[in-house]
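A.B. asks: I'd like to ask some things about the structure below.
The values are calculated or read from the model by the stated rules, or taken from the named source; none is laboratory data. These numbers come from a predicted model, not from an experiment. Cβ sites come from the backbone with ideal geometry, for glycine too, and all protein chains shown count toward neighbours. The protein model used for the area step is the full one, side chains on, heavy atoms only, and it has no ligands, DNA or RNA in it. Shrake-Rupley method; radii C 1.70, N 1.55, O 1.52, S 1.80 Å.
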Amino acid sequence: MKLREIWGSVLLTAAAVCTWVHHVLSEAYRAATREGLLLYVGIPADSIASWFLIVAFLSGPAALMLLLPALIRRIPRKVPRRIVGWSTGVAAAAAVPYLGVVFVFAALGAFGVGDTVKITAVDGQSVLVTQDGFDGDSVAIYGQHDGFHYKRVRDAPEISGWPRVKDRGCRLETAGGLQLVCGTKMVAIRH
């Protein structure tokens with residue numbers, strides 16, 4: 001085996017593992033969503049899954065570019081070797097637009113279309129505030145459910161719009177009930 005084939009095998013294995021991890025994280029995120037929960041591990045789990053998908057999209061084609069020429073060269077007859085070579089080139093060219101579109105959506109998921117801000121009170125209680133990335137008019141508040149899950153508590157249209165929630169210096173107060181204070185606006189959070 002040549003070094004090129006070894007690297008191709010390593011990259012193909014990495015693509016397969018990353019695809020599997022993406023699938024597992026996406027399924028865990030969807031299962032939590034069906035229960036009205038948000039799976040959060042430092043960032044939302046769907047963003048982490050999208051990062052794994054990006055790595056798979058980068059390492060998979062690189063692996064095929066390293067492995068396919070070596071495999072095609074091993075075909076002993078000239079005509080079948082050329083047919084397979086040209087067919088592979090046409091198939092790769094046909095796949096590029098599809099992979100490009102999927103890659104764009106994976107990048108949007110990885111970088112987050114919206115904002116998710118974790119706000120922690122002095123006593124350790126925390127909430128997640130999500131805001132859509134387009135016009136900022138959709139804000140939802142999630143309360144702590146367990147170590148990695150947050151349960152949707154309410155929508156908060158009173159803190160939507162601009163400036164964004166992440167730029168307002170919001171704080172969580174627990175005196176007299178759980179309240180989110182963003183500038184001059186106070187949002188009562190039901191648990």
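A.B. asks: Could you do me a favour and compute the accessible area per residue for the chain, 1.4 Å probe, result in Å²?
C.D. replies: Values: 11540 Å² over 191 residues.
That works out to 60 Å² per residue.
A.B. asks: Along the charge dipole of the range 135-189, which of ALA140, VAL165, ALA175 sits closest to the positive end, that is, farthest toward it, with unit charges on the beta carbon of Lys, Arg, Asp and Glu (+1, +1, -1, -1)?
C.D. replies: Comparing the listed Cα positions along the dipole, ALA175 ranks first.
A.B. asks: Using alpha carbons only, how many degrees (0 to 90, rounded to 10) separate the axis of helix 78-111 from the longest principal axis of the chain?
C.D. replies: Orientation of helix 78-111: about 10 degrees from the principal axis.
A.B. asks: Then there's this: Only sites in a loop by DSSP and with at most 14 other Cβ atoms within 10 Å count here; which trypsin sites (Lys or Arg not before Pro) in the range 1-100 make the cut?
C.D. replies: LYS2, ARG74, ARG77
A.B. asks: Right, here's the next one. Lysine pairs, Cα distance under 26 Å, 8 or more residues apart or cross-chain: how many in the chain? The partial results should precede the final answer.
C.D. replies: Details: LYS2/LYS78; LYS118/LYS151; LYS118/LYS166; LYS118/LYS185; LYS151/LYS166; LYS151/LYS185; LYS166/LYS185.
Going through the chain pair by pair, I get 7.
A.B. asks: Here is a further query. Give me the percent of the accessible area of the chain that comes from carbon and sulfur atoms, probe 1.4 Å, all protein chains in place.
C.D. replies: Summing carbon and sulfur atoms, their accessible area is 67 percent of the total for the chain.
A.B. asks: Picking from ALA62, TYR150, LEU99, whose Cα lies most toward the positive end of the charge dipole for the range 60-175 (charges on Cβ: Lys, Arg +1; Asp, Glu -1)?
C.D. replies: Value computed over the given set: ALA62.
A.B. asks: Now, a different point. Can you list the cysteines of the chain that have no other Cys Cβ under 4.7 Å away?
C.D. replies: Unpaired cysteines in the chain: CYS18.
A.B. asks: Which Cα, out of LEU11, ALA28, VAL122, lies furthest along the positive dipole direction of the chain (beta carbon charges, K/R +1, D/E -1)?
C.D. replies: LEU11
A.B. asks: About the Cα centre of the range 99-191, how large is the charge dipole given +1 on each Lys and Arg Cβ and -1 on each Asp and Glu Cβ? Please answer in debye to the nearest 20.
C.D. replies: Working: 10 positive and 10 negative charges, 31 e Å.
Around 140 debye, computed over the range 99-191.
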